[in-house]
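The numbers here are math on the coordinates, done by the rules we state, and not lab data. Owing to the predicted nature of the structure, the values given are computational and were not obtained by experimental measurement.
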């Protein structure tokens, strides 16, 4: 099952709120984690922000990642994704 939360930060105010959250995430470190990320019976998070991409196991969604995910869940629109 895939669940998707989407946020389109288009206005200057939206960008001002979201950019600090996005910038705080360690995107380069996530690249190293994504190589070993596939773990059976665990939730996986695929996070995209502009051209940035990260795939993280649920246990790695802490600190700035957790803040970004929780903010997206609270502010974004939810849909069922397909995989």
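Points worth noting:
- Segment residue 8-residue 27, length gained on full extension (0.36 nm per residue, minus Cα span): 4.9 nm
- Scaled against the 2.2 N^0.38 Å expected of a compact globular protein of N residues, the Cα radius of gyration of region 2-81 reads 1.09.
- Relative contact order (percent, whole number), region 2-81, Cα cutoff 8 Å, 6+ residue spacing: 45
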